[in-house]
Each structure stands twice: as C-alpha cells, then as structure tokens.
1. Say we join alpha carbon atoms closer than 10 Å with springs in a Gaussian network model of chain A; which of A:Ser142, A:Ser288, A:Ser47 then has the biggest fluctuation?
2. How many angstrom lie between the C-alpha centres of the range A:122-166 and the range B:48-125?
3. Using amide H atoms built in the peptide plane, which far-off residues or other-chain residues are under 5 Å from B:Val14 H to H?
4. Taking 4 °C and 1.567 mPa s as the conditions, I'd like the Stokes-Einstein D for chain A in µm²/s, using the Kirkwood hydrodynamic radius from alpha carbon pairs.
5. Given the rule -39500 (n - 2.57) for each run of at least 4 DSSP H residues, summed and divided by the residues of chain B, what is its mean residue ellipticity at 222 nm, to the nearest 500 deg cm²/dmol?
6. Considering only the other residues whose Cβ falls under 10 Å of the Cβ of A:Leu92, what net charge follows from Lys and Arg at +1 and Asp and Glu at -1?
7. Give me the Debye-computed log₁₀ of I(q)/I(0) at q = 0.10 Å⁻¹ for the protein assembly as shown, equal point scatterers on Cα only, no solvent, two decimals.
8. To make sure I understand, if each residue's beta carbon is the centre and we count other beta carbons within 10 Å, what order do B:Trp185, B:Trp288, A:Trp249, A:Trp180 fall in, fewest to most?
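Derivation of every value follows stated rules applied to the coordinates shown; laboratory data play no part. Note that the structure is predicted; figures quoted are calculated from it, not measured. Don't worry about glycine lacking a Cβ; one is built from the backbone with ideal geometry, like all the others, and counts go over all protein chains shown.
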Amino acid sequence: MSFDDAYQALTDHDDDARWAYGTGFTDPLAGVPSEVPPEVDAADLASYCLMLGDDALILSHRLQEWVTRAPELEDELALANIALDLLGQARLLLTRAGQVLECSEDDLAFRRDTTDFRNVCLAERADGDFAALIARLFVLVSWRLAAFDRLTGSRDAMLAAIAAKGVKELTYHRDYAAQWVVRLGDGTALSHDRMATAISAVMPATAELFETHPVEERLAATGVAVDPASLRHEFNAVLSEVLTAARLWPVPFAAGTATYPPGRHRGSGGRDGLHTAGLTGVLVEMQSVARAVPGGVW
Amino acid sequence: MSAFDEAIARDQRVEPADDMPEGYRKTMIRQIAQHAHSEIIGMQPEGEWITRAPTLRRKAILLAKVQDEAGHGLYLYSAAETLGADRGDLTRRLIEGRQKYSSIFNYPTLSFADVGVIGWLVDGAAICNQVPLCRSSYGPYARAMIRICKEESFHQRQGYELLLTMMRGTDAQRAMVQESVDRWWWPSLMMFGPPDADSPNTAQSMAWKIKRHTNDELRQRFVDMTVPQAEALGVTLPDPELRFDAERGHYHFGQPDFEELRRVISGGGPMNEQRIARRRQADEDGAWVREAAAAHAAKLAEVAR
C-alpha cells in the first residue's frame with residue numbers, strides 16, 4: 001500500500017453509510033403513509049407526538065450533559081448511544097407533529113418556549129450522581145418501552161413505524177439501565193445506599209407517567225394512542241423484578257404514589273406545559289445558538 | 001539478525017506474542033497511549049457544543065462524532081493492553097500529567113463554527129498524521145488505525161460540509177467561520193510537532209517503522225491539501241507568506257510559532273488545566289461506580305464457584 005493510495009482510499013465515498021452510524025441520513029420512514037387516519041383529530045395527534053417526542057428530546061439532552069463525565073469508557077459509549085437513539089426518536093416524532101402543524105422539527109425544538117413543551121417533568125430533572133441518572137433512565141425507558149410496544153399496533157401508520165423502530169432501541173436501553181441498577185444495588189454498601197436513595201427520589205415523580213391526559217384518552221379510544229394508566233401493571237412487574245435482583249425491593253412506598261410540586265395537582269404537569277425550572281435551563285442552553293443567529297442556516 | 005529485525009526489514013507486522021526490544025515496546029505503548037488520551041481529551045472541546053447544536057441533525061452528527069472518539073479511545077487503549085499496559089494505569093498517567101495528548105485540544109471552542117473548523121482542519125491534520133500509521137509495524141495499532149482513519153475522514157467531510165452550509169448563510173455566519181479559521185489555522189499546523197531539526201525521536205521511530213514520514217513532510221502535505229479547500233470555501237488562511245511555489249510544486253507557508261507549541265505541550269496552553277481537571281473529576285466521580293461493578297462481579301464469581 002503506497003502513501004498516496006491510502007489517501008485515495010479515504011476519498012472513496014461509496015460506503016459512507018457504514019460510517020454514518022446513527023446520524024440519520026436515510027429516512028427510516030420512507031414509504032410509510034403520512035395521511036392522518038379518518039376520525040382521528042389531527043391536533044390531538046400532533047399533541048400526542050409532542051408528548052412522546054419532547055420526553056425523548058429532553059431526556060436525551062440530560063444524557064448529553066453526561067458526555068465526557070461517565071464513570072468508565074464503555075459507559076461513555078453506551079450513554080452517548082442511548083442519547084443518540086432518543087434524539088432519533090424525538091426527531092421522528094417532532095417531524096410527525098410538524099406534518100400536522102406545518103412546521104419543521106427544528107421549529108418545534110428551537111422556537112417553542114417552556115410552557116409549549118409537553119414532556120413529563122421527570123424527563124427534565126438533572127442528575128446529581130450516576131445512581132440518580134440510572135434510576136431515572138430505568139423508570140423512563142421502562143415506561144417508554146411498554147408504551148412503544150403497544151404503539152406498534154397504532155392506527156396511525158407513522159406512529160406505528162416509529163414505535164417499531166424504537167422498541168428495539170428501548171429494549172437495549174432498559175437492559176443497560178437495569179444492569180446498572182442491579183450492579184449498584186448489589187455492589188458495595190455505598191453503592192447500595194446511593195441506588196436506594198436514587199430510586200426513592202425518582203418514584204414519586206413516576207405518578208405523572210400513568211395519568212391519562214384528555215388527548216391520550218381520546219386517541220386511545222380511536223386506537224391511535226395508548227392509555228398510560230394501562231401500562232402500570234407491566235411497569236410495576238419490571239420494577240419489582242429488577243429491584244428484587246438489586247436487593248432494593250420493596251421500595252418504601254407504593255410505586256406511583258403521587259406527590260406533587262407546590263402549586264401543582266393531579267392533571268396539571270408537564271403534559272399541560274407546567275414544568276420545573278429545570279426545563280427552562282435546558283431550553284436556554286439548547287436554543288442558545290439557534291436563537292442567537294437570526295436567519296442562520298446550519 | 002533477530003526475528004524482530006527481520007520482520008521490520010521485510011515490512012512485516014510485529015504481533016503481541018512476538019519478541020520485541022524493550023525500547024520498541026515502551027515507545028509503542030507511549031505512542032498508542034498518547035493517541036488514546038488525545039481521543040478522550042478531544043471529546044471535550046466539541047462535546048461542549050452538543051447540547052447547543054442549532055439543529056437536531058447537527059446535534060445528531062456531533063453526538064455521533066464524539067461517541068466515535070470515545071470508541072477510538074477504547075480500541076487504542078485495548079491495543080496498548082496487548083503490549084502489557086493497563087488502561088487504569090494509563091489513565092492515571094494522563095491525569096497526573098505524566099503522559100501527554102495532542103496539543104490542539106488545549107485551545108478553547110468559542111463558537112459553533114469551531115465544530116466545523118475542527119472537523120475540517122483538526123481532523124484533516126489528524127488524517128495526514130494517521131494514514132501512514134495504518135502501515136505501522138505494530139499489528140494491533142496498524143489495524144486499529146485503518147478503522148479510525150475511515151471514521152476521521154467521515155468527520156472531516158461532515159465538518160467541511162457544515163462550513164460550506166454556514167458560508168451560504170448570513171454575513172454573521174460567514175464572519176463566524178472566518179474568525180474560527182483564524183484561530184485554528186496555526187494550532188492545526190503545530191499538530192505535526194516540532195520541525196524535523198528539533199525532533200529527537202524521529203530517527204529511531206522511522207528505523208522501527210513506527211513512523212513513516214517526518215513532521216515537516218506531513219505538515220507540507222497538509223498545507224498542500226488544505227489551501228485549495230480554503231479557496232473553495234471562500235475563507236482566507238491567516239498566513240501572509242502563503243503562496244504556491246511552482247518550482248517545488250508545493251505551497252510555501254510561514255513558520256508556526258513553535259515556542260507556543262512548546263508552551264502548550266508543557267501545560268501552559270489556554271485550556272490544559274480545565275481539560276485535565278474534567279478528566280480527573282470524571283475519574284474520581286466514577287470510582288465508587290467502578291468499585292460497585294467489581295464487587296458485584298466478584299459476588300457473581302463466588303456464587304458460580
């Protein structure tokens with residue numbers, strides 16, 4: 001192999017796809033019908049896609065904050081990989097919402113304000129340590145996998161296709177998080193305490209995951225969405241299995257026991273645009289460059 | 001003639017189980033470790049912009065790139081381990097300042113244009129340095145480099161494509177690109193190391209076929225490759241001496257400030273402290289997690305027995 005030939009090889013663009021892992025240069029939904037099914041309210045469908053899309057976008061952002069801070073190189077790769085998968089899911093869901101709302105994924109990500117976001121508040125929470133990250137990731141992706149599993153049968157073909165792609169990714173994410181819950185729960189006295197504290201801190205906020213929003217109720221009735229209340233049984237089963245293996249079961253209160261931030265009550269959370277200050281911080285950061293350069297193209 | 005000398009003379013690869021001189025083993029470990037450290041520290045300057053990327057597509061591209069760098073670090077530490085090194089020990093050498101990494105990562109990233117310029121210039125310079133390493137005499141390193149070069153080349157094209165897009169945007173964006181090129185040009189030229197006359201290890205590394213071209217040869221190659229790309233992009237490279245020398249068939253360029261390079265390598269660059277501090281913090285914050293994983297694995301092994 002000569003010096004020049006080696007450079008030549010680099011300019012061979014035929015196999016780019018192989019080196020473009022996760023960057024979404026091909027449209028995974030090519031050929032999937034995008035018409036909103038009859039008797040489905042298009043505005044409801046858009047709202048629902050924003051709920052699921054914003055969950056993924058904001059959780060991905062919190063994972064991106066861990067880049068260069070992971071405890072081991074293998075986890076650096078895994079966390080970036082999960083962040084990338086969730087970002088991919090967010091892009092597809094925001095694009096679907098944008099088809100109805102006549103705007104782009106970037107308009108939705110970078111031009112909305114805090115109260116326009118529809119993610120659950122747990123997605124926007126910052127993580128104090130690795131156990132807190134793992135606890136939050138574990139409950140959020142376990143919930144999401146249960147939801148996506150049902151959504152593969154959605155009457156909206158686009159949502160069904162997005163869910164089918166997501167199920168494979170989320171299965172890995174849940175497995176990754178569950179393994180760390182077990183390692184930390186079983187590992188040392190210190191890690192056991194930290195994992196137990198993290199699970200206790202995250203459980204009250206899971207209540208919001210199982211509250212049925214009117215949009216979800218209407219769309220579930222037409223076979224488009226899943227009623228989150230119906231996911232509780234599967235979620236609890238996964239939780240008890242993993243936490244038992246981690247020597248962390250039972251948790252000191254029932255899963256999903258609701259406690260609400262001051263001024264909030266049942267049915268008035270992230271799905272309605274009521275967020276913690278954490279989300280405002282996320283958005284200031286996420287939208288800073290996009291908003292600083294009016295008319296910019298990237 | 002030893003089997004090692006014969007393998008080198010015949011341009012064959014040296015493999016982990018082969019006999020090799022202690023000096024060769026140590027030099028290889030140092031070179032591979034420094035390369036691995038550069039990949040890991042190199043995640044920081046661009047990693048800072050993932051959360052701020054102005055479109056979701058650019059965010060995905062940047063996140064994937066930084067993830068690739070972690071992957072490169074992982075293969076390279078593994079290649080060093082085939083020579084008897086230990087990843088934990090190499091990490092300690094890095095955070096204690098006993099092993100170095102590429103000087104370029106001690107400069108700050110000040111705008112999103114830096115993401116494109118790092119892809120174009122820094123990854124471009126890295127490719128010039130690394131393509132010849134695909135023929136390094138040490139087998140595991142040479143094989144790791146083939147994959148790494150492929151990915152670096154992809155990153156370089158993504159960076160250049162970002163700059164092309166920005167140059168088609170607003171005046172403010174064009175100014176942002178030019179300002180970024182002005183800051184990164186000279187540090188990129190310094191990535192090839194000191195001039196040949198001041199590069200004491202080059203001769204032995206060339207003899208062992210660990211290194212295939214001198215610093216100055218590679219620097220020239222990079223300039224020759226990059227000037228036409230700058231013209232196509234519509235940016236000016238900040239070197240008043242830069243011109244094509246028809247007689248030599250190469251671009252003539254000014255001398256980088258090698259005193260600055262010496263300062264940055266010996267810890268006096270603008271970001272040295274922060275880069276190492278971040279790496280040290282991650283290592284310290286993760287210690288309890290690694291201990292927990294080891295304790296859990298030991299318990300499982302106990303049960304299996």
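1. Between A:Ser142, A:Ser288, A:Ser47, it is A:Ser288 that shows the largest mean-square fluctuation.
2. Rounded to whole Å, the Cα centres lie 29 Å apart.
3. B:Tyr138, B:Gly139
4. Here the translational diffusion coefficient equals 64 µm²/s.
5. -20000 deg cm²/dmol
6. Charge balance in the 10 Å sphere: +1.
7. Here the Debye-derived log intensity ratios amount to -0.94.
8. Ordered by Cβ neighbours within 10 Å, fewest first: A:Trp249, B:Trp288, B:Trp185, A:Trp180.
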